[in-house]
1. Name the single residue that is modelled with the lowest pLDDT among those in the stretch 15-62 being surrounded by 13 or more Cβ atoms within 10 Å (Cβ to Cβ) and outside any helix (DSSP H, G or I).
2. Which one of these is over 16 Å from the mean Cα position of the chain (by Cα), within 22 Å of residue 135 (Cα to Cα) and in contact (Cβ under 8 Å) with a residue 12 or more places away in the chain: 96, 73?
3. I'm told residue 86 meets every condition in (1) outside any helix (DSSP H, G or I); (2) surrounded by 14 or more Cβ atoms within 10 Å (Cβ to Cβ); (3) free of Cβ contacts under 8 Å to residues at least 60 places away in the same chain; (4) touching a helix residue (DSSP H, G or I) at 6+ places or on another chain (Cβ under 6 Å) except one. Can you identify the failing condition by its number?
4. For residue 153, indicate whether it is in a helix (DSSP H, G or I), modelled with pLDDT under 95 and at negative phi.
5. Just one of 65, 76, 91 is modelled with pLDDT under 95, in contact with a helix residue (DSSP H, G or I) (Cβ under 6 Å, 6 or more places away or on another chain) and closer than 19 Å to residue 139 by Cβ; which is it?
């Protein structure tokens, strides 16, 4: 996948939001980190993978993909804030359940917050991509959904979201 293009688009969106909300001089890393955790929780809720007590089926794949891409936005944004990037590479084979992978992503988030390095960022990014693969998303799915959601995010900003 062309992550450089998505990083560029995300940087433009971040700058647009920061200018519009007078945040150019403010560090919003903590807010973005919390937003990523919230989005990850929303994604887990849509998959229902952890709801062992319920027979209700997971949401439609399109809804889950939209939630997944919300997380991509914040992961890209956090990397931009710290000056880190991700280049495509072969992901390790996934041997975990969805629930285990969600937990791995949460752990990678915490590790990155505690020690924001290029290595911990790549670990977070790859754990999230592995989760996407477990959820059945291809790179093409992710890129297409990101492009659509990016437009929605601009529209929301223009409508006073």
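The values are calculated or read from the model by the stated rules, or taken from the named source; none is laboratory data. Computed from a predicted model, the values in this text were never measured in an experiment. Backbone-built Cβ (ideal geometry, glycine too); neighbour counts: all protein chains shown.
1. Per the stated criteria, the residue is 23.
2. Values: 73 fails: over 16 Å from the mean Cα position of the chain (by Cα).
Only one candidate qualifies: 96.
3. Failed condition: (3).
4. yes
5. Working: 65 fails: modelled with pLDDT under 95; 76 fails: modelled with pLDDT under 95.
None of the others qualify; the one that does is 91.
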